[in-house]
Protein chains: 2
Amino acid sequence: MTQFKINPKLDLVLERIVDVPRELVWAAWTKPEHIVKWFTPAPWTTIDCEIDLRPGGMFRTTMRSPEGKDFPNMGCFLEVIPNERLVWTDALLPGYRPSEKPFFTAVIALEKQGKGTRYTATAIHRDEASRKQHEDMGFHQGWGTALDQLVAHVKKM
Amino acid sequence: MTQFKINPKLDLVLERIVDVPRELVWAAWTKPEHIVKWFTPAPWTTIDCEIDLRPGGMFRTTMRSPEGKDFPNMGCFLEVIPNERLVWTDALLPGYRPSEKPFFTAVIALEKQGKGTRYTATAIHRDEASRKQHEDMGFHQGWGTALDQLVAHVKKM
């Protein structure tokens, strides 16, 4: 397992303790039928998702804007450690093929915290400009709202 | 383990059976003291190498031209399956950080073949232009000569 060193100039981090067990957070992150319920902050929606849950496997989503425009995303899983850590990147396509428009690698780390979960999402960028772009796109609010939606969805599971 | 589908328009493949056991080929590929002995076709040399042999770990080399100019390369391991498969890419830096100049992902696959090894090196590119650039740089001859050097080195180990 890789140890990650956060670089504050290049990375963005959302860390929060949520009151749902990490096994359910893991399920919400790794099954398409759950992803479409919480992945994009409303009024955006995720209308489609395909997951091949192994290193080198596909992580594909399609997001739809409130105006009805679709935005496809294609990525590749790098590490899959059940209930503990999920790593994927858009710098590679499935099968590790370099992509046309690399932007970031995501690390979702889950730790048991009493009956809940310490949830840490890290976005890793190649340069300060990419980090700033992601921050200006609303990383903290967006990923925070998505996490609220994840928790609400998990409580209905 | 990921199954790789070769795309002849985007990928380059060198496949050969060599008369040394795959355990020694693996050692030659994964220890810096061996890498510097065979990795670059003479009269080029590899003057330095650093390896952190795990997914997300560093694969760094410095190549020196016959004129004495140094060319540093930095990559990241993706899959490490001893004696069987080694995958790394220059699309990511160590810790999976997207890189500035992604070019290719390499898959070294080793299969036991009698007392020897079926050696398959695949270079995976994002587009036809990158594939052609790599071919024009002398992929087949270069990787073939490096493999000759690897086999010669291994026989002296």
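Below, the figures for the structure above:
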read-out	value
Tally, over the range A:1-19, of residues that are of a type in the set (Val, Ile, Thr), crowded, with 17+ Cβ neighbours inside 10 Å and away from chain B (no Cβ under 14 Å)	1
Members of the range B:51-73 found to be closer than 11 Å to B:Pro94 by Cβ and either more than 14 Å from the chain's Cα centre (by Cα) or within 12 Å of chain A (Cβ to nearest Cβ) (or both), listed by number	B:Asp52, B:Arg54, B:Pro55, B:Gly56, B:Gly57, B:Met58
Residue satisfying all of: in the range B:87-122; among the small types (Gly, Ala, Ser) and surrounded by 15 or more Cβ atoms within 10 Å (Cβ to Cβ); farthest from A:Arg97 (Cα to Cα) among these	B:Gly116
Filtered residues of the range A:123-157 (kept if assigned to a loop (DSSP other than H, G, I, E, B), crowded, with 19+ Cβ neighbours inside 10 Å and in contact with a helix residue (DSSP H, G or I) (Cβ under 7 Å, 6 or more places away or on another chain))	A:His125
Matching residues in the range A:135-157 - criterion: being in contact with a strand residue (DSSP E or B) (Cβ under 6 Å, 6 or more places away or on another chain) and either farther than 17 Å from A:Leu12 by Cα or within 14 Å of chain B (Cβ to nearest Cβ) (or both)	A:Val151
Matching residues in the range B:20-39 - criterion: being more than 13 Å from B:Glu84 (Cβ to Cβ), among the β-branched types (Val, Ile, Thr) and surrounded by 19 or more Cβ atoms within 10 Å (Cβ to Cβ)	B:Val20, B:Ile35
The range B:101-112 residues that are under 18 Å from B:Gly75 (Cα atoms) and within 10 Å of chain A (Cβ to nearest Cβ), paired with ones that are in a strand (DSSP E or B) and of a type in the set (Ser, Thr, Tyr) (beta carbon under 8 Å, 6 or more apart)	B:Pro102/B:Thr89; B:Phe104/B:Thr89; B:Thr105/B:Thr89; B:Ala106/B:Thr89; B:Ala106/B:Thr122; B:Val107/B:Thr120; B:Val107/B:Thr122
Complete set of residues in the range B:40-86 that are open to solvent by less than 30 Å² (accessible area, probe 1.4 Å) and assigned to a loop (DSSP other than H, G, I, E, B)	B:Thr40, B:Gly56, B:Gly57, B:Ser65
Which numbered condition A:Trp26 misses (of (1) part of a helix (DSSP H, G or I); (2) within 14 Å of chain B (Cβ to nearest Cβ); (3) aromatic (Phe, Trp, Tyr))	(2)
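The values are calculated or read from the model by the stated rules, or taken from the named source; none is laboratory data. Note that this is a predicted model, so its numbers are computed, not measured. Note that we place each Cβ from the backbone using ideal geometry, even for glycine, and neighbour counts take in every protein chain shown. Only protein heavy atoms, including side chains, enter the accessible area calculation; ligands, DNA and RNA are left aside. Shrake-Rupley method; radii C 1.70, N 1.55, O 1.52, S 1.80 Å.
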